[in-house]
Amino acid sequence: MFNAFLLRLMHAAELGDQEIQAIEELCRQPREIGAKKYLSRDGDEMHSFPVVLSGWAARYQILRNGARQITRLLLPGDAFYFDCSPNGIAIEEVITLSPCKIVNITHADMRRLIDRFPTIGEAMRSYGCMENAVLASWVVNVGRRDALERMAHLICEAHYRLSLVDPHQSQQIYFPLTQDDLADVLGLTPVHINRKLQQLRQEGLITLRSKQLTIHDLRTLQQIAGFDPSYLAPRVQTLRERERLRVIAA
């Protein structure tokens, strides 16, 4: 099975055979974890960080009134690496939203790898820049887009991010989010979420059934959302690199 974390980093920097082998070695002992399981809790000491190799997870914060705001979806290839305070304490909760394959990489191991292979450090920095760009996009999504635009943008972003680690990604994607999850991502009520999903269905843009989301008209969804994927593509790849990615993902 292909390594989604490796593919994510290969989009961020040009990695050689030794770098690829070193990253694969870091990910050699993944664990299968069920849905709704905590990967980290607010206040945990972060000696290691989880990497999602398959499945969906989420970062979130709980307000004093008990409301939850999901601040980031962790899709295959994503890591909870840049999001602890300077003293090494987690400031958010991380929970699986579906069954996941997770590998925990210690910060010490990653530092040693970056010291040995500076290009991996470049890839991790580039990945961190993309994380910041996604956060900025989510702020705009919740703060300035209307409910339909928010929903369309989330779908477009998820589809594009999944395609980065699966060159054969079709218009049908695994989409395990419940309406409560979507409400916590988009800052809406579950009732409002239901109405917007129904609208997208009635307009023939999507079908959502049994955690499978089929996009029937991606271009129209992108137009509704004002979606520009440039913030998700950290750099332009050469033809040689794109071919290598296809071979590794095959």
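Key figures for this structure:
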quantity: Single condition Phe117 does not satisfy, out of (1) farther than 28 Å from Asp181 by Cα; (2) open to solvent by 40 Å² or more (accessible area, probe 1.4 Å); calculated: (2)
quantity: Candidate set from the stretch 140-169 (those that are open to solvent by 60 Å² or more (accessible area, probe 1.4 Å) and assigned to a loop (DSSP other than H, G, I, E, B)); member that is modelled with the highest pLDDT; calculated: Asp146
quantity: Those residues of the stretch 89-130 which are over 17 Å from Arg8 (Cβ atoms) and small (Gly, Ala, Ser), in sequence order; calculated: Ala90, Ser98, Ala108
quantity: Search result, residues across the stretch 21-70 that are at pLDDT below 95 and β-branched (Val, Ile, Thr); calculated: Ile62
quantity: Segments classed as strands (runs of 3 or more DSSP E), wholly inside the stretch 18-81, with at least 1 members that are without any contact (Cβ under 8 Å) to a residue 40 or more places away in the chain and crowded, with 21+ Cβ neighbours inside 10 Å; calculated: 57-62, 68-74
quantity: Single condition Ser98 does not satisfy, out of (1) open to solvent by 10 Å² or more (accessible area, probe 1.4 Å); (2) modelled with pLDDT of 95 or more; (3) among the hydroxyl-bearing types (Ser, Thr, Tyr); calculated: (1)
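The values are calculated or read from the model by the stated rules, or taken from the named source; none is laboratory data. A quick note: this is a predicted structure, and the numbers were derived from the prediction, not measured. As a convention, Cβ positions derive from the backbone with ideal geometry for all residues, glycine included, and neighbour counts pool all protein chains shown. Ligands, DNA and RNA are stripped out before the accessible areas are found, and what is left, the full protein with its side chains, is counted by its heavy atoms. Shrake-Rupley method; radii C 1.70, N 1.55, O 1.52, S 1.80 Å.
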